[in-house]
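Below: one structure, written as structure tokens.
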Amino acid sequence: MKTFWTPWRIEHVRGEATVVPGCLFDPPGSSAFDQEYLLLYRDKKVLVLLNRYPYAHGHLLIAPVRHIDSISALQSAENLALMEMLQTCSAILQKHFSPDGLNIGCNIGKSAGAGIAEHLHFHIVPRWEGDHNFMTVLADIRTIPEHISATYHRLLPDFLELISSPSAKNDDS
Ligand SMILES: [Zn+2]
């Protein structure tokens, strides 16, 4: 029997890992990025956070801006924005980390392992051939702050480019 690899379970294992008062996926203010909250990107529909407790370099969290807990509550424009952002994040991760593969997952509800079930979010995790030992090292909580800060600054310019590009999906439509 094959075992599913479910890195997003880490939220559940470590409990409510948020360091932000209130919902992790509602960073205060309206800025498009904010290192304090590991916010890499935000427009009117979608936001991207770097996971503070990653399973691998570049473990990203993608969520609708609206605080909703159900996939059925998503509007068409949000569906589009989320899927396009998953595509964009995949390309950015490919560019920086050259993973051999990606895990993209979503836990809906506490019983499915969601650490923060109140706000729908997707995980995208880069994978490499034989990366289990690598990830064990990276998952070491003592090493995380440096990795996180370095990873944030490595990825941020690509997200800033999205904000300034004419095709940025931050219109009011
Ligand atoms: Zn929220």
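If you go through the range 141-164 one residue at a time, do you hit one that is at pLDDT below 95, of a type in the set (A, V, I, L, M, F, W, C) and assigned to a loop (DSSP other than H, G, I, E, B)? Within the range 141-164, none of the residues are at pLDDT below 95, of a type in the set (A, V, I, L, M, F, W, C) and assigned to a loop (DSSP other than H, G, I, E, B). Checking the structure you have, find out if any residue of the range 95-105 is in a helix (DSSP H, G or I) and hydroxyl-bearing (Ser, Thr, Tyr). No, the range 95-105 contains no residue that is in a helix (DSSP H, G or I) and hydroxyl-bearing (Ser, Thr, Tyr). Cβ-Cβ distances below 8 Å connect the following pairs, each with a first residue in the range 149-164 that is touching a residue at least 12 places away in the same chain (Cβ under 8 Å) and closer than 11 Å to VAL48 by Cβ, a second residue that is hydrophobic (A, V, I, L, M, F, W, C) and assigned to a helix (DSSP H, G or I), and a separation of six or more residues or different chains: LEU155/ILE92; ASP158/ILE92; PHE159/ILE92.
One residue stands out in the range 69-105 among those that are within 15 Å of the ligand (Cβ to nearest atom) and of a type outside the set (A, V, I, L, M): the one that is nearest to LEU156 (Cα to Cα), namely GLU78. Within the span defined as the range 52-68, one or more residues are outside any loop (DSSP other than H, G, I, E, B), under 19 Å from LEU160 (Cα atoms) and more than 14 Å from the ligand (Cβ to nearest atom). Consider the range 18-55 and keep the residues that are surrounded by 22 or more Cβ atoms within 10 Å (Cβ to Cβ) and over 17 Å from LEU156 (Cα atoms). The one that is modelled with the lowest pLDDT is TYR55.
Just name the residue that is surrounded by the fewest Cβ atoms within 10 Å (Cβ to Cβ) out of those in the range 69-81 that are outside any helix (DSSP H, G or I) and of a type outside the set (Asp, Glu). Among those residues, the one meeting the criterion is SER70.
Take the range 22-38 and flag every residue that is of a type in the set (A, V, I, L, M, F, W, C) and away from the ligand (no atom under 13 Å from the Cβ).
So the first thing to find is which residues in the range 22-38 are of a type in the set (A, V, I, L, M, F, W, C), and the list is 23-25, 32-33, 38.
Across the range 22-38, the qualifying residues are ALA32, PHE33, LEU38.
For ASP100, the conditions (1) farther than 14 Å from HIS121 by Cα; (2) out of contact with any Phe, Trp or Tyr (no Cβ under 7 Å at 6 or more places or on another chain); (3) surrounded by fewer than 16 Cβ atoms within 10 Å (Cβ to Cβ) all hold with the exception of (2).
Note on the range 106-126: residues that are more than 16 Å from the ligand (Cβ to nearest atom) and not in a strand (DSSP E or B) total 3.
The values are calculated or read from the model by the stated rules, or taken from the named source; none is laboratory data. All of these numbers come straight from a predicted model, not from anything done at the bench. All Cβ positions, even for glycine, are placed from backbone atoms using ideal geometry, and neighbour counts span all protein chains on display.
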